[in-house]
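**Q** Take this structure first; my questions come after.
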Amino acid sequence: MNLYELKVHEAHDLIKQKKISCEEILLGVLDRIEEVEGIVQGFVTVTRDYALKKARETDKKIALGRKVGPLTGIPFALKDNMCSKDILTTCSSKILEGFKPPYNATVFERLEEQGAVLVGKTNMDEFAMGSSTENSGLFATKNPWDPSRVPGGSSGGSAAVVASDQVPFALGSDTGGSIRQPASYCGVVGMKPTYGRVSRYGLVAFASSLDQIGPLTKDVKDCALVMNAICGSDLKDSTSAPVDVPDFCSFIGKEVKGIRMGIAEEYFSLGIDDAVRNVIGKAIDNLENLGMGKVELSLPHTSYALPAYYLVSPAEASSNLSRYDGIRYGFRHEDSNNLLETYQKTRSRGFGAEVKRRIMLGTYALSSGYYDAYYLKAQKVRTLIKNDFDEAFKNCDVIVTPTAPTVSFKAGENTQDPLQMYLNDVFTIPVSMSGLPAVSIPCGFINGLPVGLQIIGKPFDEGTILQVADAFEQSRSFLNMKPNFGSFVRGGV
Amino acid sequence: MEITKKDVEYIAKLARLEISDDEKEILTKQLGHILDYVKVLDELETENISPTFHVFPMKNVFRSDKVKEPLSREEVLQNAPDQENGFFKVARVIE
């Protein structure tokens, strides 16, 4: 096995037994990046020298007796909207060109404390707005399973670099599905924790009441390991929840007999592709065979979640993105006669089309005379959506749905129609609007493209989600399939 | 409610965005399309429903009122597009 193929827990075992060094694993990963990054284009920045320095330091500390934790020496990538001190953080936007934060995001700090080694920052839809990573202001990332298709978005870079074995794990951020949908399209595990479970300090804000950071990994056990490292309250984030964090690994390898799975009829009717419905149906049968109970239920406001989200999130974005004015950081349009012109020209040339569209929509929804009709109405609908879940969870422990209505689509297919693009998130958005935790795990393939199964849990019950996800994963050995780069690397494309 | 080109110009001004004539055309059409789509929310009776601004009950978090070392002037200015004598330099404000 090549070193770059190792999962987090496999690499940890070898480092702990002193069979390999952190530097050896890192060099394997850096070679892999060189080999496939030309096709995948998942990284905005590769921090090669920084990573080598960190890996060598860690090896020295281990030689001097440092305890080897589960992430010690493990290479990883951060989505480029998480601040890393003195390392470029661009949100894949021209407006943050050259920005090097003077501080670290809490998640990055926690991973570094564990000895994990930052290998690079990953491409994303600009300011996390999009479902395909085609809205990056820099370049488009490709789906490792088929480079003519999108990796999903907005954490498409993070999902693609994990799927193509460029790093054992990466962090993404999820506002309306931006971890789970790319995880589904790229065939990896992606978890959105409960809102407040992970500190958002140092995460560049998109829609503050929805944004949440989470892991993208090769398997469920790795997901639990990364969750252990990044979860927990943080005084630097006033929305961080003061809730105890369990050992998520204690849920791995446990039976799922007796756990009740809810099946909501609405998730099998809203524009879902027949082949996806079929694969998800088999996954549900599989979970039943493992001893889980099945409860039919209804989440009647599901179809209202998407329109409500497309008022709430742009409204919050229009407010959050007002800080990009060309004065304190990032790009500035120099040819202006006064301050107002500096603002207008900087923002017009610095932001891409999708960001401008959402700022316009959000500004409209918050403007005088329209606030009640649009923004307030959407926040009330959000209550109805949340109430649906509260009611449903009285009768079940997890809810199982497809992650996305289709497999990955062709690049360029939806770029002209924003509404069509927004529909890709139809199954992930209700969860985000309710602040609930959910994971997407690979559950099958359609014509060689992965399909994701979404498992939704009660607030702060990520443990049960991981228990179910792990049991499913263990029962489906064919899911160890990997994208085949051989033909591409040898000049097949 | 139908969105007009004039509305788009007004919103752009509020959002501090300069948009070209082509963009105005496109945005009028696209925003109209999206606002038509969200009209579906009007089907729901929400008069007696409280809005959810945050999904879980949150308390204010207070840090102890202790003096701490702030970011240095150098760190604050390290990303400034333009600076002079330790200050951000901007285009003229007074006409």
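The values are calculated or read from the model by the stated rules, or taken from the named source; none is laboratory data. All values reported here derive from a predicted model rather than from experimental measurement. Here the Cβ positions follow ideal geometry from the backbone for every residue, glycine too, while neighbour counts run over all protein chains shown. The protein model used for the area step is the full one, side chains on, heavy atoms only, and it has no ligands, DNA or RNA in it. Shrake-Rupley method; radii C 1.70, N 1.55, O 1.52, S 1.80 Å.
**Q** For residue A:107, indicate whether it is farther than 24 Å from residue A:240 by Cβ and of a type in the set (A, V, I, L, M, F, W, C). Even if it seems obvious, please write down each step before you answer.
**A** On the way: farther than 24 Å from residue A:240 by Cβ: no; of a type in the set (A, V, I, L, M, F, W, C): yes.
Against the criterion (farther than 24 Å from residue A:240 by Cβ and of a type in the set (A, V, I, L, M, F, W, C)), residue A:107 does not qualify.
**Q** Have a look at A:435, A:448 and point out the one that is within 14 Å of chain B (Cβ to nearest Cβ) and at positive phi.
**A** Numbers: A:448 fails: within 14 Å of chain B (Cβ to nearest Cβ).
Being within 14 Å of chain B (Cβ to nearest Cβ) and at positive phi holds for just one of A:435, A:448, which is A:435.
**Q** A further question follows. In region A:71-89, what count of residues is obtained for those that are open to solvent by less than 10 Å² (accessible area, probe 1.4 Å) and within 14 Å of chain B (Cβ to nearest Cβ)?
**A** The number of residues fulfilling the criteria is 3.
**Q** Right, next: With respect to residue A:100, determine if the residue is charged (D, E, K, R) and in a loop (DSSP other than H, G, I, E, B). Please lay out each step first, then the result.
**A** Working: charged (D, E, K, R): yes; in a loop (DSSP other than H, G, I, E, B): yes.
Yes.
**Q** Name the residues in region A:316-332 that are surrounded by fewer than 20 Cβ atoms within 10 Å (Cβ to Cβ) and more than 9 Å from every other protein chain (Cβ to nearest Cβ), would you?
**A** A:319, A:320, A:323
**Q** Can you tell me which residue within region A:6-40, out of those that are part of a helix (DSSP H, G or I) and basic (Lys, Arg), is surrounded by the most Cβ atoms within 10 Å (Cβ to Cβ)? Let's see the steps before the verdict.
**A** First, the residues of region A:6-40 that are part of a helix (DSSP H, G or I): A:8-16, A:22-40.
Cutting the leftovers down to basic (Lys, Arg) gives us A:16, A:32.
Details: A:16: 15, A:32: 21.
Here the residue is A:32.
**Q** Now for a separate question. Does region A:401-412 contain any residue that is within 12 Å of chain B (Cβ to nearest Cβ), more than 30 Å from residue A:293 (Cβ to Cβ) and open to solvent by 10 Å² or more (accessible area, probe 1.4 Å)?
**A** No: zero hits.
**Q** Look at residue A:451 and say whether it is assigned to a loop (DSSP other than H, G, I, E, B), within 17 Å of residue A:270 (Cβ to Cβ), touching a Pro at 6+ places or on another chain (Cβ under 8 Å) and not basic (Lys, Arg).
**A** Criteria not met by residue A:451.
**Q** Now for a different question. Filter region A:342-398 for residues that are among the hydroxyl-bearing types (Ser, Thr, Tyr) and not in a helix (DSSP H, G or I); which is farthest from the other protein chains (Cβ to nearest Cβ)? So that I can check it myself, show each step before the final result.
**A** Kept after step one, since they are among the hydroxyl-bearing types (Ser, Thr, Tyr), are these residues of region A:342-398: A:342-343, A:346, A:348, A:363-364, A:367-368, A:370-371, A:374-375, A:383.
Still in the running and not in a helix (DSSP H, G or I): A:367-368, A:370-371.
Working: A:367: 6, A:368: 10, A:370: 9, A:371: 11 Å.
Looking at the filtered set, the residue picked out is A:371.
**Q** Name the pairs whose Cβ atoms lie under 8 Å apart, with the first residue in region B:33-60 and within 20 Å of residue A:306 (Cβ to Cβ), the second open to solvent by 70 Å² or more (accessible area, probe 1.4 Å), and 6 or more positions between them or separate chains?
**A** From residues that are within 20 Å of residue A:306 (Cβ to Cβ), the pairs are B:35/B:1.
**Q** As an exercise: evaluate residue A:394 against (1) over 28 Å from residue B:24 (Cα atoms); (2) touching a helix residue (DSSP H, G or I) at 6+ places or on another chain (Cβ under 8 Å) and give the number of the one condition it does not meet.
**A** Unmet for residue A:394, out of (1) over 28 Å from residue B:24 (Cα atoms); (2) touching a helix residue (DSSP H, G or I) at 6+ places or on another chain (Cβ under 8 Å): (2).
**Q** Looking at (1) open to solvent by less than 80 Å² (accessible area, probe 1.4 Å); (2) within 7 Å of another protein chain (Cβ to nearest Cβ); (3) not in a loop (DSSP other than H, G, I, E, B), which is the one condition that is false for residue B:28?
**A** The one condition residue B:28 does not meet is (2).
**Q** When you look at residue B:19, is it assigned to a loop (DSSP other than H, G, I, E, B) and more than 7 Å from chain A (Cβ to nearest Cβ), yes or no? Talk me through it step by step, then tell me what you get.
**A** On the way: assigned to a loop (DSSP other than H, G, I, E, B): yes; more than 7 Å from chain A (Cβ to nearest Cβ): no.
Against the criterion (assigned to a loop (DSSP other than H, G, I, E, B) and more than 7 Å from chain A (Cβ to nearest Cβ)), residue B:19 does not qualify.
**Q** Name the single residue that is nearest to residue A:460 (Cα to Cα) among those in region A:417-431 being more than 9 Å from chain B (Cβ to nearest Cβ), touching a residue at least 60 places away in the same chain (Cβ under 8 Å) and in a helix (DSSP H, G or I).
**A** Once the filter is applied, the top-ranked residue is A:431.
**Q** Oh, and also: Among (1) of a type in the set (Phe, Trp, Tyr); (2) under 28 Å from residue A:148 (Cα atoms); (3) open to solvent by 20 Å² or more (accessible area, probe 1.4 Å), which single condition is residue A:43 missing?
**A** (3)
**Q** Further question: Looking at region B:74-95, which of the residues that are of a type in the set (A, V, I, L, M, F, W, C) and more than 7 Å from chain A (Cβ to nearest Cβ) is surrounded by the most Cβ atoms within 10 Å (Cβ to Cβ)? Steps first, answer last, please.
**A** Quick first cut of region B:74-95, residues of a type in the set (A, V, I, L, M, F, W, C) only: B:76-77, B:80, B:87-88, B:90-91, B:93-94.
Pick out the ones that are also more than 7 Å from chain A (Cβ to nearest Cβ) and you get B:76-77, B:87, B:94.
Values: B:76: 16, B:77: 18, B:87: 11, B:94: 5.
Residue satisfying both the conditions and the ranking: B:77.
**Q** Can you list residue pairs whose Cβ atoms sit under 6 Å apart, with the first residue in region A:294-308 being farther than 18 Å from residue A:405 by Cβ and the second being open to solvent by 40 Å² or more (accessible area, probe 1.4 Å) and of a type in the set (D, E, K, R)? Count only pairs 6 or more apart in sequence or on different chains.
**A** A:294/A:288; A:295/A:260; A:298/A:265
**Q** Taking into account only those residues within region B:37-63 that are within 7 Å of chain A (Cβ to nearest Cβ) and outside any loop (DSSP other than H, G, I, E, B), which is surrounded by the most Cβ atoms within 10 Å (Cβ to Cβ)?
**A** B:38
**Q** Which number in (1) more than 10 Å from chain A (Cβ to nearest Cβ); (2) of a type outside the set (Gly, Ala, Ser); (3) within 21 Å of residue A:323 (Cβ to Cβ) marks the one condition that residue B:66 misses?
**A** It is condition (3) that residue B:66 fails.
**Q** Scanning region A:268-290 for residues that are modelled with pLDDT of 95 or more and in contact with a helix residue (DSSP H, G or I) (Cβ under 9 Å, 6 or more places away or on another chain), which turns out most open to solvent (accessible area, probe 1.4 Å)?
**A** Going through the qualifying residues, I end up with A:289.
**Q** Return the only residue of A:294, A:254 being basic (Lys, Arg), outside any loop (DSSP other than H, G, I, E, B) and either more than 14 Å from every other protein chain (Cβ to nearest Cβ) or open to solvent by 60 Å² or more (accessible area, probe 1.4 Å) (or both).
**A** A:294
**Q** For region A:198-206, check the following and say yes or no: at least one residue is open to solvent by 10 Å² or more (accessible area, probe 1.4 Å), over 21 Å from residue A:85 (Cβ atoms) and either without any contact (Cβ under 8 Å) to a residue 24 or more places away in the chain or out of contact with any His (no Cβ under 8 Å at 6 or more places or on another chain) (or both).
**A** Looking through region A:198-206, none of the residues is open to solvent by 10 Å² or more (accessible area, probe 1.4 Å), over 21 Å from residue A:85 (Cβ atoms) and either without any contact (Cβ under 8 Å) to a residue 24 or more places away in the chain or out of contact with any His (no Cβ under 8 Å at 6 or more places or on another chain) (or both).
**Q** Within region A:237-251, is there a residue that is outside any loop (DSSP other than H, G, I, E, B) and within 14 Å of another protein chain (Cβ to nearest Cβ)? Break it down into steps so the answer makes sense when it comes.
**A** First, the residues of region A:237-251 that are outside any loop (DSSP other than H, G, I, E, B): A:248-251.
Keeping just the survivors that are within 14 Å of another protein chain (Cβ to nearest Cβ) gives none.
No: zero hits.
**Q** For region A:432-446, does any single residue satisfy the condition of being open to solvent by less than 20 Å² (accessible area, probe 1.4 Å), part of a helix (DSSP H, G or I) and in contact (Cβ under 8 Å) with a residue 24 or more places away in the chain?
**A** Within region A:432-446 (the criterion being open to solvent by less than 20 Å² (accessible area, probe 1.4 Å), part of a helix (DSSP H, G or I) and in contact (Cβ under 8 Å) with a residue 24 or more places away in the chain), the answer is yes, since at least one residue qualifies.
**Q** Would you please name the residue that is nearest to the other protein chains (Cβ to nearest Cβ), looking only at residues in region A:299-315 that are assigned to a helix (DSSP H, G or I) and not hydrophobic (A, V, I, L, M, F, W, C)?
**A** Checking each candidate, the answer is A:307.
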